[in-house]
Amino acid sequence: MKCLKCSQIIFVVFSLIKFIFAIEKQWIVDFQWETKENWDQLPEIDGHVIFPLETKHAIGFSKSADLKLSQIDLPKDGSLVLFRNGKLELSYSSKNSNGKISKWLKEGKYFWSDPDNWKGGSEAAPHMERLPCRQDDVVLPGTDETFNIHLPSNEIQVESVRLSNHEYPSTWWDWDEMQRRKEFLGGFLSVKYSQYGCSNCRCQDGLPYDYLKEICAIQGPKCGFAACEYPLQIEGHCCLYCGGRIIIPKKASLAIIRSLVDEVFEQRATSIAWHVRRTWTGNIEVLIKEKSEYTGANTLIALEDLLTKLHEENIEISYTENTGAPLKDSRLAVMLGPLFGAPMIILVLLIIGFWYFDYSIRYVLSELSEAWSSVKDKSNKPFSFARFENVLEGNVRIDDSQTRRREHEMNEELINGEEVLLDEEDGGGPSTGGNFENPLYRSKRDKNFRIEERELINVHLPLSLTSLKNRVKDNTDEDDDDVIQMDIE
């Protein structure tokens, strides 16, 4: 008799502990055909339905017996589930289906480890504890609904799993068998039933870091801007946290702290959210977060009220924290500020420097105006380039090495004061033409000769018959040498 009473007491205590700590967390992703939010517009009779190529999840067809479509664009990866005794007809009225196109909006995989896919946790809870914990009961869609879940790759524990159209949870062996079905992908049998009840345990047993990495790989890109002055780093949370927290030593009772917190914040449930948990080090942590836009005022008032209540109950407090004043998202200004602010600061410093060295503002402005005008004029000039051509006209001709050698000797005679006359063989009179040395046709052998402009007859010097006779003789000898050289060749 005494043993029976003891077992009843133990059962009642266990039920109370489960009632206090266990929370039902429900999978909220809807893959049903009839759900309006899943379409840009609901499919109509004889309509055209388009599914994304990368659907990657299951879609439950309509339960209606008169599902008739003209055309379906199937996904490359995913599945369409037709209910038992369901019927799908395809019509030939494709001409009338152009205005009845419906597109499925959801795309990609849906993970167990995504906190946005679950309902039941507090908004103030860290990301890890918004997911089912080892003390929580999981509620999945019933047998009359379609769902598709990618299980976590790390092994986790839950209290129980129940289908929404069932009154009682599944046994652990039924749950293991269920995980082998097509509705569950990813980790094989990674969700286990917890083997014992624990009022002071963390959300998950073992090292939580690997599981947290998997959660943050999904949730991290959604973090956004932390709208507070001093954001907190919270265990099990992927983003910076704006709100407040109170740390209580581990010797306190988690059940008592939860009841006190609920009592204090019950009247503020519309403006703030709260969460009481045991940290990875064993301490008790109370988290407070504002439901609407962060202002900081509601957090401070809630912290003061809770601190007053804890002091009245003689509960020791390790420390408290709040995240300060609200901030606006100024990331764009921070990024563009140095780009546009630095030139303005440099300009102001230059003006101050000119003023310090007694340059007037009018002088500086005039110099800047002239510099700008010169730059503007140069920028408006059309582009041009040089062109070299071998054109046989006028006084332009390709230079010859023998001619350059004779001109060089004649220039030396002019320097010595001798008189120079034009050779009759070169034209019979004074030459008015000049030489154009085209660099494209210059010979490397003659690069040591420097071409100099000369006068064939210097009218300012007296003519000497002896010098003219010697010059004619020299030219005749050079011509004979050229002819002899030509004959030898």
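Over segment 127-171, the ratio between the Cα radius of gyration and 2.2 N^0.38 Å evaluates to 1.22. Placing a label point 7 Å from the Cα of A269 along the Cα-to-Cβ direction, the residues of segment 287-323 whose backbone N falls under 17 Å from that point are 289-292. Amide H contacts for I23 (H built 1.01 Å from N in the peptide plane; partners 5 or more residues away or on another chain; cut-off under 5 Å): D136, D137. The listed peptides 24-30, 297-303, ordered by packing as a protection proxy, come out as 297-303, 24-30 (highest mean of other Cβ atoms within 10 Å first).
Remark: spin-label model distance S91-T171 equals 5.0 nm, labels positioned 7 Å along the Cα→Cβ axis. Each label was represented as a point 7 Å from its Cα along the Cα-to-Cβ direction; for F354 and I301 these points are 5.7 nm apart.
Its Kirkwood hydrodynamic radius, worked out from the mean inverse distance over all distinct Cα pairs, puts segment 79-152 at 16.4 Å.
Evaluated over the Cα positions of segment 212-314, the convex hull gives a direction-averaged projected area, one quarter of its surface, of 7.1 nm². When the C-alpha to C-alpha distance is required to be over 30 Å, the pairs from K100/K222; K222/K250; K76/K291; K109/K250; K119/K213; K106/K291 that qualify are K100/K222; K222/K250; K76/K291; K109/K250. For segment 47-53, putting each phi into the Karplus relation 6.51 cos²θ - 1.76 cosθ + 1.60 with θ = phi - 60° gives couplings of x, 10, 10, 10, 9, x, 4 Hz, in residue order, rounded to whole numbers and with x for Gly and Pro.
Around the amide H of R162, modelled in the peptide plane, lie the amide H atoms of V138, V139, L140, S170, all under 5 Å away and 5 or more residues distant in sequence or on another chain. Based on every Cα atom in segment 115-207, Rg and the maximum pairwise Cα distance Dmax equal 13.1, 38 Å.
Read-outs: derived from the displayed coordinates by stated rules, not from any lab. Model, not experiment: these values are computed from the prediction. Cβ: placed from backbone, ideal geometry, glycine included. Neighbour counts: every protein chain shown.
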